[in-house]
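Reviewing the structure listed below.
The values are calculated or read from the model by the stated rules, or taken from the named source; none is laboratory data. None of the values given here were measured: they were computed from a predicted structure. All Cβ positions, glycine included, derive from the backbone under ideal geometry; neighbour counts span all protein chains shown. The area values use the complete protein model at the heavy-atom level, side chains included, leaving out ligands, DNA and RNA. Shrake-Rupley method; radii C 1.70, N 1.55, O 1.52, S 1.80 Å.
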Amino acid sequence: GARTAVNPKDPATERFQRLFFPDGDALLQNFRSGFERGEATPLCIIDVADNNLNPLRIFDKLAVIDPRVAVIVTAEDPLIDALEANYAIPDNLYCVRKPFDGYLFFILVTTLIRGWNSTSRLNDRIQSLDAALEGANIGLWYWNLETRTQTINSRWAEMLGYTHNEIDRDIKAWEQMV
């Protein structure tokens, strides 16, 4: 696993901590306890050296704890071939065949962690904006033109005399109110 953090002396830099575990159960236990303490683990690398290790089982359990986690599985050709042939590989699971180019692997890891950090910063900003808007008692309404759905906050619904749960997400609900 890799825990990410920001250096308080230089917040623009990213750093991560590498942790090694003897087996999948130890990884899962550490991941869960870190998640419960509020520590983000954006990336787990599962190096399959033992055919008794089931990387998909570990991935599924990690994703139940925190669906945002990305997982890289490194293994020999037969296991990667079996995974790709028998399973729909989710977007946050990456299969890397051994032997692999160390530099390209470093770029993959760095890209995934930077993406996590960027997404985390964006989510923090969105939460701050949401808190400010809620504190200002402003009603918000968004229309997704592609899906023809609307997103509203409770204040917007109250301004129209409804509760948040009384207004359907489909844009037709808004069209009927106008």
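Which length gain, in nm to one decimal place, applies between Arg97 and Asp66 when the Cα-Cα distance is subtracted from 0.36 nm times their residue separation?
Details: separation 31, 0.36 × 31 = 11.16 nm, distance 2.53 nm.
Roughly 8.6 nm would be gained on extension.
So, R0 is 30 Å and r is the distance between the beta-carbons of Arg114 and Ile138; what FRET efficiency does that work out to, to 0.05?
On the way: r = 33 Å, r/R0 = 1.10.
Rounded to the nearest 0.05, the efficiency is 0.35.
The string of couplings for the stretch 151-158 from the Karplus curve (6.51, -1.76, 1.60, θ = phi - 60°) is 10, 10, 10, 4, 5, 4, 4, 4 Hz, one whole number per residue in order, with x for Gly and Pro. Heavy-atom accessible area for Asp170, with the other protein chains in place and a 1.4 Å probe, reaches approximately 60 Å². Residues whose amide H falls under 5 Å from that of Val73, counting only those 5 or more places apart or on a different chain, are Ile46, Tyr94, Cys95, Val96, with hydrogens built in the peptide plane. In order along the stretch 164-171, the Karplus-derived 3J(HN,Hα) couplings, from 6.51 cos²θ - 1.76 cosθ + 1.60 at θ = phi - 60°, round to 4, 6, 7, 9, 5, 6, 5, 5 Hz, and Gly and Pro are given as x. For Rg/Rh (Cα atoms, Kirkwood Rh), several values are listed as [x] 1.00; [y] 1.10; [z] 1.03; flag the one computed from this structure. Of the labelled values, this structure produces [y]. Taking packing as the residue-averaged number of other Cβ atoms within 10 angstrom, the listed peptides 38-46, 153-161, 59-67, 71-79 run from highest to lowest as 38-46, 71-79, 59-67, 153-161. Between amide H atoms placed 1.01 Å from N, distances below 5 Å from Asp170 occur with Gln150, all of them 5 or more places distant or on a separate chain. The charge dipole of the chain, taken about its Cα centre with unit charges on the Cβ of Lys, Arg, Asp and Glu (plus for the first two, minus for the last two), comes to roughly 500 debye.
Computed from backbone phi, the HN-Hα couplings of the stretch 89-96 come to 7, x, 5, 9, 10, 10, 9, 10 Hz, rounded to whole numbers (Karplus: 6.51 cos²θ - 1.76 cosθ + 1.60, θ = phi - 60°; Gly and Pro given as x).
Expressed as a whole percent, the accessible area of the stretch 31-178 that falls on carbon and sulfur atoms is 53 (1.4 Å probe).
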